[in-house]
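Inspection log for the structure reproduced underneath, given as structure tokens.
Any read-out appearing in this document is the output of simple, stated calculations on the displayed coordinates, not a laboratory observation. Bear in mind the structure is a predicted one, so any value in this text is a computation, not a measurement. FYI the Cβ positions are ideal-geometry reconstructions off the backbone, even for glycines, and counts take in every protein chain you see.
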Amino acid sequence: MTKSKTAACLLLAFAASGCFTTGEPAANADDGGDAAADATVAVDTGGATAALPPLTAAEKAACVANPTGCLTGTAAASTFTTTPAQMTAKLYRVFPYGTEQPLGGPQLVDDAGTWGFGGLPDAGLDPWGHYYVQVEADFNVDAGVGAAVAAIVGPLGVPSSGQPIAVDVPPVQLNVLESRVPGGPMRLQWVLAHVFDPASGAEIKGGPTWTVTIAIGGTSQPVPWSSADGGVGAYFFEFSTPPAAQPSYTVTVSGAEDGGAPATFQLVADEPAFDGAIVSPDNGASVPANSPLSIVWTAEPQADYEVVQVFQSSGFASVYVSPQPDPPDQTEETVDAGLEAGSYLINVSYAKTNCPATASGCVQANTVSAANVTAN
């Protein structure tokens with residue numbers, strides 16, 4: 001039996017799912033650079049950000065009375081030397097990427113630097129273990145040229161501890177992807193970094209004076225700028241031979257514009273202790289061409305979300321990807337348009353995405369189940 005191997009895959013907005021095959025990958029698998037337009041996390045505010053008012057006194061009082069039914073915290077951008085024009089917070093039921101919409105917000109952070117979800121009129125958040133909060137620091141909004149630098153924290157559970165969560169937006173947005181096949185070793189696939197000038201909030205888009213590196217064990221790996229023209233519009237490095245995943249990572253950023261002093265940022269992983277499985281269609285099955293295709297997988301409540309991807313078996317070109325992450329209580333997704341006649345690889349990626357408030361970004365650790373099908 002041929003051992004499963006990794007094939008390079010489509011890069012999504014905030015994360016990507018690992019692409020695995022039950023057979024050998026193509027020799028020249030696509031590196032997913034066609035997703036460049038979605039890769040940037042800098043948010044164009046268009047000169048204004050529509051946001052709800054800060055929490056009212058009654059809403060704050062409701063969370064004081066029912067602290068475990070709320071998610072509350074503070075927001076700051078302490079490492080920036082410029083002050084954000086405003087800060088907002090959003091609440092998501094699933095890790096925010098693709099077309100995932102917030103449950104609450106954007107909510108303006110108040111003058112005291114606080115935010116909260118679950119007070120009146122909501123009367124408490126539903127019990128759930130996979131909430132994420134995104135805090136955005138908006139710069140130069142009044143000038144009409146603003147960009148928002150985002151920090152994501154999660155997964156967060158309700159009932160909560162009732163303690164406020166301190167979110168300090170750093171001048172970087174960091175994402176690391178680890179993945180493995182069921183039962184296999186976890187490997188580091190890629191690292192992506194958006195870097196922002198602490199003096200202005202503007203995104204740094206390459207240039208010889210800025211460098212980004214990631215430490216993997218005792219090795220320092222440069223992360224080069226990958227231009228939006230044919231790249232991903234970020235500092236990005238994909239490993240041709242993925243190294244063993246690490247419990248944590250240190251990313252170092254330095255640039256002449258900020259005096260050349262390097263700044264270090266930490267990431268922490270949460271490796272899945274489970275394996276998922278595709279229930280339907282069976283591996284090797286034939287499915288009707290050009291008809292809705294239902295993909296079913298086993299439930300895994302420890303996962304933060306799942307993503308479905310379908311690839312052509314020859315060349316591994318992506319033909320379908322979930323428009324938004326599926327929550328762990330969902331076990332089915334339908335490809336409405338179906339598949340044209342041909343051979344395909346289906347991947348279901350179970351993700352543990354760890355974005356603690358004490359870190360400076362997210363590590364997505366995936367276990368990926370695969371099935372080969374033929375559309376006739």
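Hey, any idea what the orientation-averaged projected area of the convex hull of region 255-369's Cα atoms comes to, in nm²?
If I average the Cα hull's projected area over directions, I get 10.1 nm².
If I histogram all Cα-Cα distances within region 43-168 using bins 10 Å wide from 0, what percent of pairs lands in each bin?
P(r) for region 43-168, in whole percents per bin: 14, 46, 32, 8, 0.
So, R0 is 22 Å and r is the distance between the beta-carbons of ASN290 and SER313; what FRET efficiency does that work out to, to 0.05?
About 0.80, to the nearest 0.05.
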